[in-house]
Protein chains: 2
Amino acid sequence: MYRILIVDDEEKIRALIKKYTDFEGYESKIATNGMNALEILKIETFDIIIMDIMMPELDGFSTVKEIKKIIDIPIIMLSARGEEYDKIHGFELGIDDYVVKPFAPKELMMRIEAVMNRYNKYKKEKREIWQKDTLLIDVTARTVTINEKKIQMSPKEYDLLFYFLKNKNIALTREQLITEVWGYDYIGDDRTLDTHVKLLRKSLENYSDLIVTLRGVGYRFEG
Amino acid sequence: MYRILIVDDEEKIRALIKKYTDFEGYESKIATNGMNALEILKIETFDIIIMDIMMPELDGFSTVKEIKKIIDIPIIMLSARGEEYDKIHGFELGIDDYVVKPFAPKELMMRIEAVMNRYNKYKKEKREIWQKDTLLIDVTARTVTINEKKIQMSPKEYDLLFYFLKNKNIALTREQLITEVWGYDYIGDDRTLDTHVKLLRKSLENYSDLIVTLRGVGYRFEG
DNA sequence: ATAAATATTCACCAATTCATCACATTTTGA
DNA sequence: TCAAAATGTGATGAATTGGTGAATATTTAT
């Protein structure tokens with residue numbers, strides 16, 4: 001099940017794609033233009049984007065350019081026959097595939113599958129990395145660097161950090177953190193979690209306030 | 001254990017499905033036609049609906065259309081071979097799956113499981129966000145922003161606000177609010193609730209009058 | 001086996017939060 | 001219109017909560 005962001009200004013096309021992606025069991029969300037898409041991408045995550053080239057406000061090409069600055073995500077473009085053929089084939093943008101309108105929905109579905117298969121294979125070989133300014137967290141290598149400088153952490157700190165990262169921008173209760181990071185059967189002092197958060201924050205130096213305390217609840221990692 | 005609503009006009013089919021769903025440990029209820037189903041849905045809640053397409057009074061497609069206006073619930077359709085094949089595949093309706101008659105009960109059970117798994121995952125991954133103009137309430141992240149500016153609140157304010165939001169446009173009595181937000185056993189001063197509503201309103205700035213006082217009753221959050 | 005690293009517990013502190021109170025204001029209905 | 005009832009408000013002290021450093025226990029590495 002993939003999460004799909006559909007970006008098109010034409011209601012008819014949007015509805016058509018949504019119908020079919022819903023049927024295939026994908027979860028999809030709609031953006032009505034490039035700007036809108038960028039806003040949505042700031043909050044939610046998706047596995048693939050299907051985007052029209054011709055759009056008001058911010059056209060498909062420009063939107064792709066902006067998106068690729070922020071995240072690495074496969075994109076399938078919808079183009080009218082002959083529309084900027086060169087640009088699509090030029091690949092300056094990192095488009096993964098394109099479909100010429102009018103298209104058979106079935107064909108689009110097949111292309112989604114194909115692109116995702118390709119991308120997943122590529123991802124497996126790729127490292128899971130998250131970056132914010134000079135802070136770089138490499139989950140695959142289990143390393144954290146700030147300003148090119150490797151930060152040494154204890155196992156629990158890594159576990160905690162990676163769990164935070166996996167659930168960024170989500171309010172996590174103390175219980176949830178304890179059961180997920182320590183194990184469902186852990187029974188411990190109230191201050192254990194605090195203490196590890198303290199250590200993790202210390203390790204994160206200037207980035208310590210990425211971990212926000214939610215009084216009476218737990219913590220939230222802001223990404 | 002899921003609660004299933006079976007909608008079919010044929011006694012034989014109803015009995016067959018019920019037998020199997022009972023066997024699987026699901027709780028099921030029967031509706032004999034579309035109208036009947038809508039009436040039942042007004043009173044009781046279910047996790048999934050299994051519905052025949054061909055029915056007197058109100059056919060399957062029309063019934064689905066009505067249901068989807070009211071609630072978001074997964075639906076599996078039963079169709080005779082070749083019956084309105086296009087419509088099912090067109091998916092204007094948001095059907096989650098379909099089974100062609102005659103079917104093996106085992107297959108239907110498997111499809112129920114599959115649909116429910118998909119639906120639960122979708123529900124879990126969804127962020128709970130509510131927006132009105134520049135006010136954005138992210139229940140998942142436990143944040144409130146007005147005009148892009150993060151609003152800092154106390155735990156009780158968040159709890160109260162989220163409870164209001166979950167029950168927006170519903171008159172909530174003081175007792176209800178106290179027992180739900182403070183706990184069923186809370187015994188406190190008359191002014192406690194007022195005071196927190198006051199603080200919450202203050203935090204909501206221009207949006208303070210989303211919380212409407214219902215004299216002699218309690219409050220209502222208008223969304 | 002021993003030292004070092006890590007994890008947990010503990011005691012205490014500072015900050016926040018909350019319930020309560022006294023009083024102000026508003027609404028209702030006689 | 002006026003008094004009673006209901007709700008709003010600001011202040012305050014007590015209670016809760018999370019942060020912190022140090023002590024202690026446990027695990028890991030040498």
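Laboratory data are not the source of any read-out in this text; all were calculated from the coordinates shown. Note that the coordinates shown come from a computational prediction; the quantities given were computed from them, not determined experimentally. Ideal geometry is used to build each Cβ from the backbone, glycine not excepted, and the neighbour counts take in all protein chains shown.
So here's what we get for this one:
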| read-out | value |
| --- | --- |
| Debye intensity ratio I(q)/I(0), log10, the range B:68-223, q values 0.20 Å⁻¹ (C-alpha model) | -1.22 |
| Coil-residue chymotrypsin sites (Phe, Trp or Tyr not before Pro) of the range B:156-194, DSSP, other Cβ within 10 Å capped at 16 | B:TYR184, B:TYR186 |
| Rounded D (µm²/s) - the range A:130-221, Kirkwood Rh over Cα pairs, Stokes-Einstein at 4 °C, 1.567 mPa s | 96 µm²/s |
| Reachable lysines from B:LYS69, criterion Cα separation under 16 angstrom, eight or more residues apart if same chain | B:LYS42 |
| Charged-residue dipole, Cβ positions (Lys, Arg, Asp, Glu), chain A about Cα centre, Debye nearest 20 | 540 debye |
| Rg(Cα) / (2.2 N^0.38 Å) computed for the protein assembly as shown, rounded to two decimals | 1.14 |
| Acute angle (nearest 10 degrees) that the helix A:34-43 long axis makes with the longest principal axis of chain A, alpha-carbon atoms | 20 degrees |
| On Cα atoms only, tilt of A:105-125 relative to the major axis of chain A in degrees | 40 degrees |
| Under 9 Å, Cβ to Cβ, from B:VAL212 - net charge with Lys/Arg +1 and Asp/Glu -1 | -1 |
| Under 11 Å, Cβ to Cβ, from A:ASN167 - net charge with Lys/Arg +1 and Asp/Glu -1 | +2 |
| Modelled FRET efficiency - R0 51 Å, B:GLU39 with A:TYR186, Cβ distances, 0.05 increments | 0.55 |
| Where GluC sites (Glu not before Pro) fall in DSSP loop in the range A:1-66, at most 13 other Cβ within 10 Å | A:GLU57 |
| Cα gyration tensor shape of the range B:3-126, rounded if a/c is under 1.5, else prolate or oblate by comparing a/b with b/c | rounded |
| Chain A: calculated mean residue ellipticity at 222 nm from DSSP helix runs of at least 4, using -39500 (n - 2.57) | -12500 deg cm²/dmol |
| Sequence-distant residues sharing a close amide H with B:TYR98 (under 5 Å, placed H) | B:MET77 |
| Angle between chain B longest axis and helix B:11-23 axis [Cα atoms, degrees, rounded to 10] | 60 degrees |
| Sites B:GLU66 and A:ASN147 - FRET efficiency at Förster radius 60 Å, r taken between beta-carbons, to 0.05 | 0.50 |
| Calculated FRET efficiency for the pair B:ALA114/A:TYR122, C-beta based, R₀ 30 Å, to 0.05 | 0.60 |
